[in-house]
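Enquirer: Here it is, the structure, as structure tokens.
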Amino acid sequence: MNNEHNPVALLVTQIQQKWLQDVSPHDEVNWVRWLIKPEQARLYEGFLKLESSPHGIIPDIPVVLLTPFVDSKVHSKNLISDWLESFKNDERLKEQIEGNFLQFDWDPDYFKQKLKNKEADFDSLLIEFLASFQKALPNPEQHLVLALFPYTVQATEDYKNWMETMLGLGMPPKTRLMVFDHHPKNYFESVQVKHKATCVSLWVDLDLDGAMKKIAMSGDPNDPEVQFRECMVEMGNSAAKNNRKRLHLWGEKGLEVTQKTGNKTAFATAHGVYAGMLFQFKEYDTVDKLLRRGLAIAKQVKASGDDTANAIILQLYAYMASSAHHQNEIEKATDLFCEQAELAISFGLGQQALAIYINAYTLIKKKNPPRYKELLKKAFDYGRTLPEEQLKSSGIGQIAWDYYNSAQGTTLKTIDSFMVDLEGKDWKQKMELQAQNMKNSISIS
């Protein structure tokens, strides 16, 4: 990939340059906070992946952990555990360190034994861990950076307390913590203020929308695909600016461009995109009309034996269900979700079907409890027919948990037996914790 001509890669370069300018020259900095907008999270994730590979350019050695933050009392222990597991299974860090044929000699067994001691001070152990790992680096002047990118944080105040504890214990020489904070909320500003001598906050004004538009507009301007991408970008911009008239202008242009191509899948897609943009204006008559037209076109494509229409058919059903929901037609919306699930099954998309069933029964739960239970059973019974390798990354755990909490008698044993085989004896405890985390968490991603 040539960074000079890749707009997103150029944004990552801006992030790298910010680190090189504001962090690398300063040995005393041991806590680095990136201020990011939620929609930029994937960009920073790309930065972390790049710097964790031999192609990174910052002089520090980053170790990236996605460990969710549950509680300040156990976070250090969880980080050490995840780090040891990652070190055992992932050779990329060793490749990065040993890229110049330098040997990395570090023995993790000491810390594995320490983790078994329930009475240990795990915050201090993490400090010792960081010092040990950094000292084992081939270049003793190289900084070790623990980059924390948790997918969920159960309590921001407690997470901040954990950071304060780590800084209070004293970060070892040549080590840093890298954390991410939401802009403009600035959850961790007080850490920066209290430890300003050794902490730095970084903000890069990234034009992600502009970069995506450049990508969308790349290619021959006379190519209908490029023209439609322009229509999608401009529809999005119009919706963001609450400009309904301009949105209709670009929506109609998108229909015109795709119809001229003769590609019915693209034409159906244009209907779906246009309708989706109109939801915020609550133009449900126009939305429904566009969705019906788009679905009729997509079904023609499917009837001809062309499976490329499968994805847009499912998307159109999802939009139709959402439109009915927004208009408080709960039974109709549930019917549409069920039709969508059955279509997903017929297309061989079992995992997606389970996710759709969750939408259906969650929506109908309050309005029609008997149907809620009926759909739970239907979803669970279907899920049991799928291969184990598909179930591992599906919504079957959520379905089983919801079903278990509404069932009784022998059904409880059936559900429990199935889930114990799939996830282990502690599956209910895992689902309880997940439910609590979902209730209380804020997303960092």
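Enquirer: Quick check: from the Cα gyration tensor, does segment 3-208 come out rounded (a/c under 1.5), prolate or oblate? Walk me through the numbers before you get to the answer.
Expert: Values: a/c = 1.61, a/b = 1.15, b/c = 1.40.
Verdict is oblate for segment 3-208.
Enquirer: Through the Karplus equation 6.51 cos²θ - 1.76 cosθ + 1.60, θ set to phi - 60°, convert the phi angles of segment 180-186 into ³J(HN,Hα) values in whole Hz; use x for Gly and Pro.
Expert: 10, 10, 7, 9, x, 5, 6
Enquirer: What fraction of the Cα pairs in segment 223-395, stated in percent, has a spacing above 18 angstrom?
Expert: On the way: 9554 of 14878 pairs.
Here the tail beyond 18 Å accounts for 64 percent of pairs.
Enquirer: Is the C-alpha gyration tensor of segment 317-390 telling us rounded, prolate or oblate? Criteria: a/c under 1.5 is rounded; beyond that, a/b larger than b/c is prolate, otherwise oblate. Each step should come with its number before you reach the end.
Expert: Working: a/c = 2.86, a/b = 1.49, b/c = 1.92.
Oblate shape, in that a/c is at least 1.5 and b/c is the bigger or equal ratio.
Enquirer: Can you find, among Asn161, Leu11, Val233, the residue sitting farthest towards the positive end of the charge dipole of the chain, where Lys and Arg contribute +1 and Asp and Glu -1 at Cβ?
Expert: Of the options given, the answer is Val233.
Enquirer: Right, another one. Can you tell me what share of the DSSP beta bridges in the chain is antiparallel? A percent to the nearest 5 is fine.
Expert: Numbers: 2 of 22 bridges.
Among the beta bridges of the chain, antiparallel pairing accounts for roughly 10 percent.
Enquirer: Also, quick follow-up: 5 Å is the cut-off here: which amide hydrogens, built 1.01 Å from N in the peptide plane, fall below it relative to Leu202, excluding neighbours closer than 5 in sequence?
Expert: Amide H neighbours of Leu202, under 5 Å, 5+ apart: Arg33, Trp34, Leu35.
Enquirer: In addition: If amide hydrogens are placed 1.01 Å from N in the peptide plane, which non-local residues have theirs closer than 5 Å to the one on Ser53?
Expert: Here the answer is none, since no amide H 5 or more places off falls under 5 Å of that of Ser53.
Enquirer: For each pair in Lys116/Lys174; Lys373/Lys428; Lys264/Lys392; Lys112/Lys392, compute the distance between the two Cα atoms and list the pairs where it is over 30 Å. Walk me through the numbers before you get to the answer.
Expert: On the way: Lys116/Lys174 28 Å; Lys373/Lys428 19 Å; Lys264/Lys392 36 Å; Lys112/Lys392 28 Å.
Table pairs above 30 Å Cα-Cα are Lys264/Lys392.
Enquirer: Can you bin segment 199-325 into rounded, prolate or oblate? Criterion: square roots of the alpha carbon gyration tensor eigenvalues sorted a ≥ b ≥ c, rounded for a/c under 1.5, prolate for a/b above b/c, oblate for the rest.
Expert: prolate
Enquirer: To continue, here is another question. In what sequence do Ser86, Ser238, Ser124 fall when counting other Cβ within 10 Å, fewest first?
Expert: Numbers: Ser86 16, Ser238 19, Ser124 13.
Arranged by neighbour count, lowest to highest, Ser86, Ser238, Ser124 become Ser124, Ser86, Ser238.
Enquirer: Straight-line reach from Lys260: which lysines have a Cα under 30 Å away, not including same-chain ones fewer than 8 places off?
Expert: Lys213, Lys214, Lys241, Lys245, Lys282, Lys289, Lys299, Lys302
Enquirer: Per-residue ellipticity at 222 nm for the chain, helices alone: DSSP H runs ≥ 4 residues times -39500 (n - 2.57), over residue total, nearest 500 deg cm²/dmol? Walk me through the numbers on the way to the answer.
Expert: On the way: 21 runs with 274 residues, N = 445.
Taken over the chain, the calculation gives -19500 deg cm²/dmol.
Enquirer: Where the only charges are on Cβ atoms (+1 Lys, Arg; -1 Asp, Glu), what is the dipole of segment 348-402 about its Cα centre, to the nearest 20 debye?
Expert: Values: 9 positive and 5 negative charges, 77 e Å.
Here the size comes out at about 380 debye.
Enquirer: If you don't mind, there's one more thing I want to ask. Give me the three principal axis extents of the chain from the C-alpha atoms, as integers in angstrom, largest value leading.
Expert: Projected onto the principal axes, the Cα atoms of the chain cover 66, 64, 41 Å.
Taken together, the values in this text are just the output of simple stated rules run on the coordinates, not laboratory data. It should be emphasised that the depicted structure is a prediction, and the values quoted were computed from it without experimental measurement. Note that each Cβ is placed from the backbone with ideal geometry, even for glycine, and that neighbours are counted across all protein chains shown.
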